[in-house]
1. Take the conditions within 16 Å of the ligand (Cβ to nearest atom) and modelled with pLDDT of 95 or more and apply them to Lys60. Does it pass?
2. Test each condition in (1) more than 17 Å from Val92 (Cβ to Cβ); (2) within 9 Å of the ligand (Cβ to nearest atom) for Gly16 and report the one that comes out false.
3. Could you tell me which numbered condition Val143 fails, if it satisfies all but one of (1) closer than 22 Å to Asp86 by Cβ; (2) part of a helix (DSSP H, G or I); (3) within 16 Å of the ligand (Cβ to nearest atom)?
4. Taking the range 19-47 as the region of interest, how many residues are touching a residue at least 24 places away in the same chain (Cβ under 8 Å), within 11 Å of the ligand (Cβ to nearest atom), assigned to a loop (DSSP other than H, G, I, E, B) and touching a helix residue (DSSP H, G or I) at 6+ places or on another chain (Cβ under 8 Å)?
5. Out of all the residues in the range 105-121, which are assigned to a helix (DSSP H, G or I) and more than 16 Å from the ligand (Cβ to nearest atom)?
6. Take Lys70 and decide whether it is without any contact (Cβ under 8 Å) to a residue 24 or more places away in the chain and basic (Lys, Arg).
7. Within the bounds of the range 43-52, is there any residue that is touching a Lys or Arg at 6+ places or on another chain (Cβ under 7 Å) and exposed (fewer than 14 other Cβ atoms within 10 Å of the Cβ)?
8. Hey, can you tell me all the residues within the range 72-104 that are among the β-branched types (Val, Ile, Thr) and part of a helix (DSSP H, G or I)?
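The values are calculated or read from the model by the stated rules, or taken from the named source; none is laboratory data. Everything numeric here is computed off the predicted structure, so don't read it as measured data. A quick note on method: Cβ atoms are made from the backbone with ideal geometry, for glycine too, and the neighbour counts reach across all protein chains shown.
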Amino acid sequence: MVFGVGDPEAKLFLIGEGPGYDEDRTGEPFVGRSGQLLDRLVRQEIGIERSQYYIANVVKCRPPGNRDPKPAEIESCRPYLEAQLDAVSPKVVVTLGNFAARLLLDTRESIGRLRGRLYPYRGGVLVPTYHPAAALHSGGAMVVAAMRADLVRAKEALSREKEVI
Ligand code: URA
């Protein structure tokens, strides 16, 4: 099981899809190639290290063969994610990819349509962005540029603390 790591009092909470091979082996989210890219983008655009935010996934166990998580798996893991969000109580939640955005915003809309703006969420804001794995595929430069812009949105929201409490 890959629960989540980071500062339990973080103002920023990042949410991915589910553990991959490397995460399954280490028990930590986003330690593989996607995670390394994500860490770099967060460091460059927001100026913080992994120990300063909290990071977790929609599903806590690796779907066999890296398939998409099934609706029943997402539902069974949902109470854990909700409890993590309750405990950390972040000001800004950044969702990575379709699964986290659709779950938390309760929509079927795609990430390409959802990203680019902020959504009110749990007394703070939610910033949907692409999954870093999408940046590792062809056309990745566009995805990276969009992710950078979204992370700047998250940084601005973090600095507007009064508005997002
Ligand atoms: N992709 C995810 O969505 N989460 C991880 O933890 C690793 C890769």
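1. On the way: within 16 Å of the ligand (Cβ to nearest atom): yes; modelled with pLDDT of 95 or more: yes.
So Lys60 fits the description; yes.
2. The one condition Gly16 does not meet is (1).
3. Unmet condition: (1).
4. Of the residues in the range 19-47, 3 are touching a residue at least 24 places away in the same chain (Cβ under 8 Å), within 11 Å of the ligand (Cβ to nearest atom), assigned to a loop (DSSP other than H, G, I, E, B) and touching a helix residue (DSSP H, G or I) at 6+ places or on another chain (Cβ under 8 Å).
5. Filtering the range 105-121 for residues assigned to a helix (DSSP H, G or I) gives 105, 111-114.
Leu105, Gly112, Arg113, Leu114 - these are the residues of the range 105-121 that are assigned to a helix (DSSP H, G or I) and more than 16 Å from the ligand (Cβ to nearest atom).
6. Working: without any contact (Cβ under 8 Å) to a residue 24 or more places away in the chain: yes; basic (Lys, Arg): yes.
Yes.
7. Restricting attention to the range 43-52, the residues satisfying the condition of being touching a Lys or Arg at 6+ places or on another chain (Cβ under 7 Å) are 45-46, 49.
Within this subset, residues satisfying the condition of being exposed (fewer than 14 other Cβ atoms within 10 Å of the Cβ) are 49.
Checking the range 43-52: at least one residue is touching a Lys or Arg at 6+ places or on another chain (Cβ under 7 Å) and exposed (fewer than 14 other Cβ atoms within 10 Å of the Cβ).
8. Start the filter on the range 72-104 by keeping residues that are among the β-branched types (Val, Ile, Thr), which leaves 74, 88, 92-95.
Matches in the range 72-104: Ile74, Val88.
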